[in-house]
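Presented below is the structure to which this report refers.
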Amino acid sequence: MRTQIGIVGAGPAGLVLSHLLHLSGIESVVLEARSRDYCEQRIRAGVLEQGTVDLLNETGVGERMRQQGLVHYGIELRFAGRGHRIDFKELTGGKGVTIYAQHEVIKDLINARLAAQGQILFEVEDVSVHGFDGPHPTIRFQEDGEQQELGCDFIAGCDGFHGVCRPAIDPATLTVYERDCPFAWLGILAEAPPSSQELIYAYHHRGFALLSMRSPQISRLYLQCNPEEDLEQWPDDRIWRELQTRLAAENDWKLIEGPVIQKGVTGMRSFVVEPMQSGKLFLAGDAAHIVPPTGAKGLNLAVADVRVLARALAEFYASGNMRLLNEYSEKCLRRVWKVQRFSWWMTSMLHRFQGANPFDERRQLAELDYVTSSRAAAQTLAENYVGLPME
């Protein structure tokens, strides 16, 4: 088999890249270890930055998002029993975010690629990448029990943190930066209409809580918990009691409860690898970096990566110029570290840390008070939340 770009991974990074390359007349083949059904049903993040929304619309895959997505122009920071709205629209010149689940984005992209006769090979096994430091990169894999080899000009490693592409790079050439959070999120999906029109980020002395949503009928809620939390110790009634406590407000606001249809614990960590390329292998999305979910940046950062990579590849095939490809890592990492900064700032401002003392609590409350009472501080949050410029 032969193609121009071999893409490992059919997540947001790999599928957006394949779609953008197609629009530039560049061929690609996407290899995915999971089934199509798994990719289209796995529940993940659901907050899309303005730039991500604009890109999906501009490239013709935003129709369902426009019909079903929930456009938000603000969030609420809740502390000391009071809510404080951050007005994105007013602070960023009309920008907002859209609540539209990642697996729905995946469905739209898969449908678009298949409609354009794009090649996505699901349920492939034993994927490995070779020769990317030389002139002839290849991807080896098994399909239906038969060994296959895909020759290509470049390889895009979009296969996530646990994928095969990053480990294939000589570790001596990479620098890894990481930080594990001393807490996690216990998250639920509930058959209950959202109790707020916008997301609520709550600071409480018992720990952080987040009210989010997936649709007008489905709520997504989170509680700060221990990374080793035993879900058997968290029956639904206990989860709802804790959410009621942490999200409580002084007014008549009520948290709407409903049947819990999914429950899980999500670990939180920060991770960046530099550089994001080795020869003709380019890492994108979670293969290169992970952020805590507090700032809702994972999917959006992956889209930003492949937007840069697609433009660089388009220039190469149009002119033979490698300049943008050689600058890929540097350009992406500049944005990656700004997003890491914002995600960690949001995380450290809103969560309770083990061993925190009364001074730490008062400092966090003062930080929240400043963010919600200073236009400059609120604008900084808003600009980062709706999304920094793509480049």
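Within region 165-181, take every residue that is within 14 Å of Gln277 (Cα to Cα) and touching a Gly at 6+ places or on another chain (Cβ under 9 Å) and give me the one that is surrounded by the most Cβ atoms within 10 Å (Cβ to Cβ).
Per the criteria, the residue is Cys165.
Could you check Glu330 against (1) buried (at least 18 other Cβ atoms within 10 Å of the Cβ); (2) charged (D, E, K, R); (3) touching a Pro at 6+ places or on another chain (Cβ under 9 Å) and say which number it fails?
Among (1) buried (at least 18 other Cβ atoms within 10 Å of the Cβ); (2) charged (D, E, K, R); (3) touching a Pro at 6+ places or on another chain (Cβ under 9 Å), Glu330 violates only (1).
With Gly14, Gly51, Gly6 as the choices, which residue is touching a strand residue (DSSP E or B) at 6+ places or on another chain (Cβ under 9 Å), assigned to a helix (DSSP H, G or I), among the small types (Gly, Ala, Ser) and over 30 Å from Arg362 (Cα atoms)?
Gly14
When both residues are 6+ apart or on different chains and their Cβ atoms are under 8 Å apart, which pairs have a first residue that lies in region 94-113 and is within 18 Å of Gln197 (Cβ to Cβ), and a second that is assigned to a helix (DSSP H, G or I) and of a type in the set (Asp, Glu)?
Cβ pairs passing all conditions: none.
Let's see how each residue does on (1) among the hydrophobic types (A, V, I, L, M, F, W, C); (2) under 18 Å from Glu76 (Cα atoms); (3) touching a Gly at 6+ places or on another chain (Cβ under 7 Å):
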{"site": "Arg352", "(1), (2), (3)": "no, no, yes"}
{"site": "Ala356", "(1), (2), (3)": "yes, no, no"}
{"site": "Arg362", "(1), (2), (3)": "no, no, no"}
{"site": "Asp369", "(1), (2), (3)": "no, yes, no"}
{"site": "Thr372", "(1), (2), (3)": "no, yes, no"}
{"site": "Ala377", "(1), (2), (3)": "yes, yes, no"}
{"site": "Leu381", "(1), (2), (3)": "yes, yes, no"}
{"site": "Pro389", "(1), (2), (3)": "no, no, no"}
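Would you check which residues across region 226-260 are among the basic types (Lys, Arg) and surrounded by 17 or more Cβ atoms within 10 Å (Cβ to Cβ) and list them? Talk me through it step by step, then tell me what you get.
Quick first cut of region 226-260, residues among the basic types (Lys, Arg) only: 238, 241, 246, 254.
The answer is Arg246, and nothing else.
Are there any helices (runs of 4 or more DSSP H) wholly within region 61-144 with 2 or more residues that are crowded, with 16+ Cβ neighbours inside 10 Å and not small (Gly, Ala, Ser), and if so which?
88-91, 102-115
Restricting to region 149-164, what's the tally of residues that are in contact with a helix residue (DSSP H, G or I) (Cβ under 9 Å, 6 or more places away or on another chain) and surrounded by fewer than 19 Cβ atoms within 10 Å (Cβ to Cβ)?
3
Give the number of residues within region 226-244 that are of a type outside the set (D, E, K, R) and part of a loop (DSSP other than H, G, I, E, B).
So the answer is 4.
Does Leu333 satisfy being closer than 23 Å to Gly11 by Cβ, modelled with pLDDT of 95 or more and over 15 Å from the mean Cα position of the chain (by Cα)? Let's see the steps before the verdict.
Numbers: closer than 23 Å to Gly11 by Cβ: yes; modelled with pLDDT of 95 or more: yes; over 15 Å from the mean Cα position of the chain (by Cα): yes.
Yes; evaluated as a whole, the condition is true for this residue.
State whether one or more residues within region 261-271 are charged (D, E, K, R) and either outside any loop (DSSP other than H, G, I, E, B) or surrounded by fewer than 18 Cβ atoms within 10 Å (Cβ to Cβ) (or both).
The answer is yes; a qualifying residue exists.
Restricting the search to region 211-221, which residues are part of a strand (DSSP E or B) and in contact (Cβ under 8 Å) with a residue 60 or more places away in the chain?
Residues satisfying the conditions are Ser212, Met213, Arg220.
Does Gln117 fit the bill of being under 23 Å from Leu189 (Cα atoms), without any contact (Cβ under 8 Å) to a residue 60 or more places away in the chain and more than 20 Å from the chain's Cα centre (by Cα)?
Working: under 23 Å from Leu189 (Cα atoms): no; without any contact (Cβ under 8 Å) to a residue 60 or more places away in the chain: yes; more than 20 Å from the chain's Cα centre (by Cα): yes.
When the stated conditions are applied, Gln117 does not pass them.
Pairs only if they're at least six apart or on different chains, beta carbon under 6 angstrom, first in region 343-354 and in contact (Cβ under 8 Å) with a residue 12 or more places away in the chain and among the β-branched types (Val, Ile, Thr), second crowded, with 18+ Cβ neighbours inside 10 Å and assigned to a helix (DSSP H, G or I); list them, first residue then second.
Close Cβ pairs satisfying both conditions: Thr347/Thr294.
Taking the criterion of being modelled with pLDDT of 95 or more and closer than 20 Å to Ala312 by Cα, would at least one residue in region 58-69 satisfy it?
Within region 58-69, one or more residues are modelled with pLDDT of 95 or more and closer than 20 Å to Ala312 by Cα.
Limited to region 175-197, what total is found for residues that are within 19 Å of Ala45 (Cβ to Cβ), of a type in the set (S, T, N, Q) and part of a strand (DSSP E or B)? Walk me through how you get there before you give the answer.
Looking only at region 175-197, we keep the residues that are within 19 Å of Ala45 (Cβ to Cβ), and these are 181, 183-190, 194, 196.
Now drop any that are not of a type in the set (S, T, N, Q), which leaves 196.
Next, only the ones that are part of a strand (DSSP E or B) stay: none.
Looking only at that region, the number is 0.
Please find, among Glu27, Glu40, the residue that is at pLDDT below 95 and more than 19 Å from Gly295 (Cβ to Cβ).
On the way: Glu27 fails: at pLDDT below 95.
Only one candidate passes the filter, namely Glu40.
Give the residue, chosen from Ala382, Ala366, Ala377, that is surrounded by fewer than 19 Cβ atoms within 10 Å (Cβ to Cβ), in contact with a Phe, Trp or Tyr (Cβ under 6 Å, 6 or more places away or on another chain) and closer than 29 Å to Ser212 by Cα.
Only one candidate passes the filter, namely Ala377.
The values are calculated or read from the model by the stated rules, or taken from the named source; none is laboratory data. This one's a predicted model, so the numbers in the text were calculated from it and none came from an experiment. Every residue, glycine as well, gets a Cβ built from its backbone with ideal geometry; the counts of neighbours run over all protein chains shown.
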